[in-house]
Amino acid sequence: MDTKVRVRFAPSPTGMLHIGNARTALFNYLFAKHHRGIFILRIEDTDLDRSDYSLTDQMLKDLRWLGFDWDEGPDKGGPYGPYRQSERLDIYREYANELLIKGRVYKCFCTPDDLERMRRQQISKGEMPRYDGRCRNLTEEEVLKKEKGGNRPALRFHVGRGKISFEDLIHGKMNFDADKIGDFIIIRSDGIAAYNFACVIDDHLMNVSHVIRGEDHLSNTPRQILLYKALGWIPPFFAHHPLILGSDRTPLSKRHGSTAVSQYREEGFLPEALINYLLILGWTSPTNEEVIPMERMIEEFSISSLSRNAPIHSLKKLEWLNGIYIRRKDNDELSELISPYLEKEGLNNIDRDTLLKISDAIKENIVKLSEIKEYLGIFFDEKFNFNEEAKKIILNDKNLKVIETVIDIITSTISDFKLEEWSSFLTKVEEKTGLKGKELLIPIRAGVTGMTKGPQLVKIFNILGKERVLKRLNMALNIFYTN
Ligand code: GLU
C-alpha cells in the first residue's frame, strides 16, 4: 500500500448533508491536511432509486461553503476516478466475477418474500435473523434452470466461520464472530453493487490508507475485512467515531431541530463557527481552548485524541461560538453577510455607508445573522414600531419627562449626531433631568428605537441623524398623549 495518507469522505446523496456527515468530512479533512495527504470526495450513489443528482450538487455546494476543498472528486477528477459509484458499476461486476470464479460468492435466487419468511421463522425460534445460506448448495443444473426460467440472481458472499478482528484507531481492538454474520449480498439482482462491496473495491483501488467514518458503520467493517481477504488485499486502517446525540441522548435527528448544514447556513451560522463547533464536539485541543482557527485545527488534530464518548449537540454552544465569529468579522465582511437577510425583508439597495454602520452597531447583539431581522425597525423607518415593552416605558411620567428634555436639548443644541458629541449630549441630559445611567438610557432607547434592547445608543443616533431621532421621540410623545 502507498504510505501516503489518503482518506475519503464518501456521502450517499439520499438526503441533505447533515452536521453528522459534515463532522465526518471534517475529521477526514483535518487528518489529510495534518499529514499532507490527499482528501478524496467520493459519491456513493449506487442506490439509484434514492440518490439524486441535484442532491449531489447541493452536497458539493454545502461542503464548499463549509470551506472544504478536495484533491480528487467527481467535479475535479483525479488518477483513480471516476469518483461517482454510479459510474463504476462495471468495475464492481468485474471483481464480483472474480470472486464467483474463485467460489467465494454464489448466486442467490431468494425473493424478498423468501427472505422475509426466513427472517420470521428464525425470530420465532429465538434465533438471530440472518441469511441461512440455502442457495449456497444449489447444484449447477439448478442454477442454470432458474436462470433459464428468467430468475435474476443476486451474488452473495460466503462468509464462512471464524473470528474477525481489527484494531480500531479510536476504539482499540474490535472482535467479531463470523458465525453471526449471514452471507451477504455484494451484487443485487438488478446488477448493482451493494454498499459493502463497492466501498471495499473503491477504497482499495483509490489507495485509501485510513477509513474514518461514523460508528454506524462499525458492523459493516467485519464484512468489508472479509472481502479484502477474499480479494487478497490488505485492508486500510479504520477509525469509527461516535455519532452526535440529541439532548435526550438519542441519535441526532430532525426531531431535535435543524440537522441539515444548509439550514444552519440559512439561519445565519458562519461556516467557520460550525466547523469549530463540530470539532470541539468530542475533541479537546491540547491547550483546552475552544475557539480554534482552521490552521491550528490542522496542526493539532489527531485521531487518537478523538473522544470515544458520543457528544451531545448543544445549540447554545454553537450560538456562542457563532457570536464570537460574527464579532470577529470586520464591518466590510459583515455587511456582505447581512445584505441577503435585509433583502429577504424587502430592504434592497441600502447604501454602503449605512450598511457598514449597521454592521458595526449590530455585531454585539446577534449570535446568528438571521437575528438581524429583530433589529431592523431601529434602522429602517418602514419597519419601525414601538413594541409593548417600549410602550410601557414610554407611558410613565418620569420617563416622559426624560424624553421631553431630550427633545429640547437636541432641538436647541445639537447640530447632528457625531460620535464625539455623544458624551457632551448625555452630560447635558443628566444635568437637566438629574438622572443617570439606566434611568436615562432606557426611556431614550424606548423612544428612539421602539425597543428596550439593542445596539449602543450612540451608534444608533449616529446612523439615524438628528431629524429621525427627533421624529421618533415625538412619536413616543404621541403615544403618551393618546393613551
Ligand atoms: N456512503 C456511506 C454513508 O454515507 C459512507 C460509508 C463509508 O464511509 O464507508 O454513510
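The values are calculated or read from the model by the stated rules, or taken from the named source; none is laboratory data. Predicted model, so just to flag it, every value in this text is computed and none were measured. As a convention, Cβ positions derive from the backbone with ideal geometry for all residues, glycine included, and neighbour counts pool all protein chains shown. What goes into the accessible areas is simple: the full protein's heavy atoms, side chains included, and nothing from ligands, DNA or RNA. Shrake-Rupley method; radii C 1.70, N 1.55, O 1.52, S 1.80 Å.
Expressed in nm to one decimal, what extension gain is obtained for the pair SER370 and HIS171 from 0.36 nm per residue of sequence separation less their Cα-Cα distance? List each step's numbers first, then the result.
Details: separation 199, 0.36 × 199 = 71.64 nm, distance 3.99 nm.
Stretched out fully, the SER370 to HIS171 stretch lengthens by 67.6 nm.
Over all directions, average the projected area of the Cα convex hull of the chain and note it in nm².
Numbers: hull surface 124.0 nm².
Over all viewing directions, the chain projects a mean Cα-hull area of 31.0 nm².
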Inset, instruction - Over the chain, with every protein chain in place, what whole percent of the accessible area is carbon and sulfur at 1.4 Å, could you tell me? - result: 49 percent
Legend entry - Share of alpha-carbon pairs per 5 Å distance bin for region 80-124, given as whole %: 5, 17, 14, 13, 15, 17, 11, 6, 2, 0
Legend entry - Links that overshoot a 19 Å alpha carbon limit, given the list LYS344/LYS373; LYS33/LYS329; LYS363/LYS459; LYS392/LYS418; LYS254/LYS316: LYS33/LYS329; LYS392/LYS418
Inset, instruction - Step through the residues of region 288-302 one at a time and calculate ³J(HN,Hα) from phi using the Karplus curve (6.51 cos²θ - 1.76 cosθ + 1.60, θ = phi - 60°), rounding each to whole Hz and writing x for Gly and Pro. - result: 6, 6, 10, 9, 10, x, 3, 4, 6, 4, 5, 5, 9, 6, 8
Inset, instruction - Filter the trypsin sites (Lys or Arg not before Pro) in region 137-241 to those in DSSP coil with at most 14 other Cβ atoms within 10 Å of their Cβ, and list the result. - result: ARG161
Legend entry - Part-to-part distance (alpha-carbon centres) for region 383-446 and region 164-237, which is given in Å: 70 Å
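Nearest-5 percent of antiparallel DSSP beta bridges in the chain?
Around 55 percent of the beta bridges assigned by DSSP in the chain are antiparallel ones.
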Legend entry - Where labels lie 7 Å past Cα in the beta-carbon direction, separation of ASP132 and GLU430 in nm: 9.0 nm
Inset, instruction - Would you tell me the accessible area of VAL105, worked out with a 1.4 angstrom probe on the heavy atoms of the protein chains, in Å² to the nearest 10? - result: 10 Å²
Inset, instruction - Could you grab the relative contact order for region 252-406? Cα pairs under 8 Å, six or more apart, rounded to a whole percent. - result: 23 percent
Legend entry - Label-point gap, in nm, between LYS148 and TRP233 - each point 7 angstrom along Cα→Cβ: 3.7 nm
Inset, instruction - Round to a whole angstrom and tell me the spacing of the C-alpha centers of region 2-66 and region 101-149. - result: 35 Å
Legend entry - 1.4 Å probe accessible area per residue over region 44-129, in Å²: 58 Å²
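Looking at region 95-196, which GluC sites (Glu not before Pro) are in a loop (DSSP not H, G, I, E or B) and have at most 12 other Cβ atoms within 10 Å?
Values: sites: GLU98, GLU116, GLU127, GLU140, GLU141, GLU142, GLU147, GLU167; in loops: GLU127.
Filter output for region 95-196: GLU127.
Mean projection of the alpha-carbon convex hull of region 322-410 over all orientations, in nm²? Can you show the working numbers first?
Values: hull surface 28.6 nm².
Projected area, direction-averaged: 7.2 nm².
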Inset, instruction - Calculate, for ASP330 and THR250, the FRET efficiency according to 1/(1 + (r/R0)^6) with r their C-beta to C-beta distance and R0 45 Å; round to the nearest 0.05. - result: 0.65
Legend entry - Global form of region 97-164, assessed from the alpha-carbon gyration tensor, a/c cut-off 1.5: oblate
Legend entry - the chain: Cys lacking any partner C-beta under 4.7 angstrom: CYS110, CYS199
Inset, instruction - Before anything else, pin down the relative contact order of region 363-483: Cα pairs under 8 Å, at least 6 apart, normalised by residue count, whole percent. - result: 39 percent
Inset, instruction - Scan region 333-419 for GluC sites (Glu not before Pro) in coil per DSSP, keeping those whose Cβ has at most 16 other Cβ atoms within 10 Å, and list them by number. - result: GLU345, GLU364
Legend entry - Pair ASP179, GLU295: separation of 7 Å Cα→Cβ label points (nm): 5.8 nm
Legend entry - Residues of region 357-483: accessible area per residue with a 1.4 Å probe, Å²: 49 Å²
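Just the number please: accessible area per residue for region 172-260, 1.4 Å probe, all protein chains included, in Å². Please list the in-between numbers first.
Details: 3360 Å² over 89 residues.
Ligands and nucleic acids excluded, the figure is 38 Å² per residue.
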Inset, instruction - Take every Cα pair under 8 Å in the chain that's 6+ residues apart, average their separations, divide by the length, and report that relative contact order as a whole percent. - result: 13 percent
Inset, instruction - Provide the per-residue ³J(HN,Hα) series for region 340-354, in order, calculated from phi with Karplus coefficients 6.51, -1.76, 1.60 and θ = phi - 60°, each as a whole number of Hz, with x at glycine and proline positions. - result: x, 6, 6, 4, 4, 9, x, 9, 9, 6, 6, 5, 4, 4, 5
